1. Could you tell me whether residue B:82 is under 22 Å from residue A:47 (Cα atoms), more than 16 Å from ligand 2 (Cβ to nearest atom) and in the same structural domain as residue B:155 (by TED's automatic domain parsing)?
2. Pairs, please: C-beta under 7 Å, at least 6 apart or cross-chain, first residue more than 14 Å from chain B (Cβ to nearest Cβ) and in the stretch A:127-145, second part of a helix (DSSP H, G or I) and near ligand 3 (Cβ under 8 Å from one of its atoms)?
3. Among the residues of the stretch B:7-35, write down those that are at pLDDT 95 or above and loosely packed, with under 15 Cβ neighbours inside 10 Å.
4. State which residue pairs qualify: first residue in contact (Cβ under 8 Å) with a residue 40 or more places away in the chain and inside the stretch B:136-147, second residue surrounded by fewer than 15 Cβ atoms within 10 Å (Cβ to Cβ) and in a helix (DSSP H, G or I) in any location, beta carbons under 7 Å apart, and separation of 6 or more residues or different chains.
5. Take the conditions in contact (Cβ under 8 Å) with a residue 60 or more places away in the chain, in contact with a helix residue (DSSP H, G or I) (Cβ under 9 Å, 6 or more places away or on another chain) and within 16 Å of ligand 2 (Cβ to nearest atom) and apply them to residue A:104. Does it pass?
6. Buried (at least 19 other Cβ atoms within 10 Å of the Cβ), within 16 Å of ligand 2 (Cβ to nearest atom), more than 19 Å from residue B:106 (Cβ to Cβ) and not assigned by TED's automatic domain parsing to the domain that holds residue A:51 - does that describe any residue in the stretch A:141-153?
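The values are calculated or read from the model by the stated rules, or taken from the named source; none is laboratory data. Please read these numbers as outputs of a predicted model, since none were measured by experiment. Here the Cβ positions follow ideal geometry from the backbone for every residue, glycine too, while neighbour counts run over all protein chains shown.
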Ligand SMILES: Cc1cc2nc3c(=O)[nH]c(=O)nc-3n(C[C@H](O)[C@H](O)[C@H](O)COP(=O)(O)OP(=O)(O)OC[C@H]3O[C@@H](n4cnc5c(N)ncnc54)[C@H](O)[C@@H]3O)c2cc1C
Ligand code: FES
Ligand code: FES
């Protein structure tokens with residue numbers, strides 16, 4: 001089979017991988033051990049395979065790996081700083097927003113992209129940002145609460161600073 | 001996985017895309033966001049040509065026209081201030097209705113139109129705005145009205161030509177104008193069962209100066225409902241006019257039946273969705289029923 005090389009930055013580390021020209025990003029990331037990128041519907045519906053490319057959430061099952069050449073990718077594995085969880089991860093745990101956990105990486109990354117652009121979103125904005133992430137366990141209320149709580153937590157330091 | 005693919009090209013200019021297309025003699029597929037191509041599941045492709053680096057991502061607003069490059073994403077359209085200013089943000093609103101954030105970050109305007117789906121949500125607002133497209137093939141560039149691209153041109157192989165950009169003439173700014181995009185799907189993020197885009201100008205006495213109405217997902221291709229438009233021109237905008245327009249809409253649509261809905265339901269829904277669009281236009285033009 002024909003192969004080509006792919007240079008990308010994943011979670012801050014530069015990588016050079018050998019891929020097939022028709023490989024989808026989802027397949028490459030899982031092959032390279034990023035199992036937090038979940039294989040769900042493979043049709044762009046469920047959001048379990050969400051990663052951030054240049055800070056924007058995309059479904060990795062729909063994008064060819066070769067298209068992200070030179071790009072910056074964030075997967076759930078890159079979110080915690082060592083043993084310190086990201087406030088979003090903390091909030092998901094505190095609010096019981098993780099049950100089986102299959103949807104969680106995608107949900108948290110979609111939420112992170114939202115908070116990076118819009119630090120104080122309304123509930124409606126949170127629901128809109130998570131509309132592409134299916135969850136079969138939680139009924140969505142808890143993840144939405146968790147994102148709002150994480151946003152509120154992030155807010156404190158700025159208010160203190162003022 | 002697409003395991004027949006032998007090469008993945010990332011051309012950085014339009015001439016390079018065209019050269020690759022010619023060289024591959026019909027064995028290559030162009031890919032932009034991939035959100036239709038990957039899902040469609042034709043795994044026999046041998047060559048892929050990525051369009052996203054070919055310099056076709058731009059929005060240029062000029063005096064009389066707004067020009068949108070084919071690889072501009074639906075998320076770009078949602079955010080662009082130039083697009084927000086055009087026809088009351090009609091295109092931003094339609095783009096925001098296309099699936100999830102994840103989908104809109106990849107999905108391009110060109111892909112939406114070139115895929116040829118009757119339910120493509122960007123098609124109806126662009127038809128209502130009288131947009132044209134520029135396509136390129138080995139023989140050069142051709143400009144044609146969007147309606148022609150969906151009709152004859154598409155069937156005769158425009159689908160194999162590179163879509164370069166979409167040109168939207170600036171709609172009239174003066175007077176009481178309103179625009180609307182309406183979509184009805186099973187859920188917020190599902191494909192349209194029916195979509196409609198409309199525009200309307202009312203004169204000082206509340207009469208329709210002109211009306212535009214485009215319908216999608218209820219015929220082989222999205223189309224302008226011209227008989228409805230001419231029926232409305234010059235008439236006072238009221239409930240009876242809306243009812244007449246709705247009857248005419250039901251005569252014009254040719255919906256299919258599939259697992260999402262029956263033909264009857266789609267026909268009825270066309271009337272409702274078109275009515276909502278026209279009513280929203282009128283409300284935006286300052287006339288609420
Ligand atoms: C979960 C999901 C939800 C969706 N929801 C909606 C929705 O609500 N509304 C809607 O309208 N669509 C929806 N879509 C469909 C799709 O996202 C859009 O049609 C999108 O705009 C396609 O653009 P793309 O760049 O991803 O196209 P691609 O998949 O890259 O390309 C589609 C086709 O067009 C061709 N092509 C692409 N660009 C060009 C060009 N410049 N010139 C010539 N040919 C070209 C390709 O060769 C291919 O045949 C949805 C898709 C998914 C997976
Ligand atoms: S696996 Fe990609 S969206 Fe479901
Ligand atoms: S926690 Fe199980 S799918 Fe969301």
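1. When the stated conditions are applied, residue B:82 does not pass them.
2. A:143/A:107
3. Across the stretch B:7-35, the qualifying residues are B:12, B:13, B:15, B:19.
4. From the stretch B:136-147, the pairs are B:138/B:22.
5. Answer is no for this residue.
6. No: zero hits.
Conditions (1) more than 9 Å from every other protein chain (Cβ to nearest Cβ); (2) part of a helix (DSSP H, G or I); (3) under 29 Å from residue B:94 (Cα atoms), marked per residue:
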| residue | (1), (2), (3) |
| --- | --- |
| B:1 | no, no, no |
| B:34 | no, no, yes |
| B:38 | no, yes, yes |
| B:49 | yes, no, yes |
| B:56 | yes, no, yes |
| B:76 | yes, yes, yes |
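Condition check ((1) at the interface with another protein chain (Cβ under 9 Å from one of its Cβ atoms); (2) farther than 30 Å from residue B:30 by Cβ; (3) within 16 Å of ligand 2 (Cβ to nearest atom); (4) without any contact (Cβ under 8 Å) to a residue 60 or more places away in the chain) across all residues:
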position	(1), (2), (3), (4)
A:51	no, no, yes, yes
A:62	yes, no, yes, yes
A:76	no, yes, yes, yes
A:109	no, no, yes, yes
